[in-house]
1. Any idea how many residues of the range 11-56 are surrounded by 12 or more Cβ atoms within 10 Å (Cβ to Cβ) and of a type in the set (D, E, K, R)?
2. Within the range 36-70, track down each residue that is of a type in the set (S, T, N, Q), closer than 16 Å to Val19 by Cβ and either at pLDDT below 85 or not in a loop (DSSP other than H, G, I, E, B) (or both).
Amino acid sequence: MKELNSIYASWLKVFASAVLGAYLIELQNGRQLFNWTFDMVESLLTVGVVSMIPIIINWLNPADERYGKR
C-alpha cells in the first residue's frame, strides 16, 4: 500500500483521472470513441499535465509531510 501513496502514484492517479474526465467530455460532445486527432491528444495531455500542478506544489513545499519530509 505504501507504493499507492508515493508521489509518483499520486501523479499517475491525478493525471489518469483528469485525462479520462476530459476524454469523456470529448465523447459527450460528439467525438467518436477511437477518433484520435493530434488536437485531441494535445488537449488531453495538457489537461493531464495541468492537473498535476497542485501535487507538484505540495511536493516542493518543505512543510508538507505527505510525500516525505526533506
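1. Residues that pass the stated criteria total 3.
2. Ser43, Thr46, Ser51
The values are calculated or read from the model by the stated rules, or taken from the named source; none is laboratory data. Keep in mind that what you see is a predicted model, and the values were worked out from it rather than measured. Backbone-built Cβ (ideal geometry, glycine too); neighbour counts: all protein chains shown.
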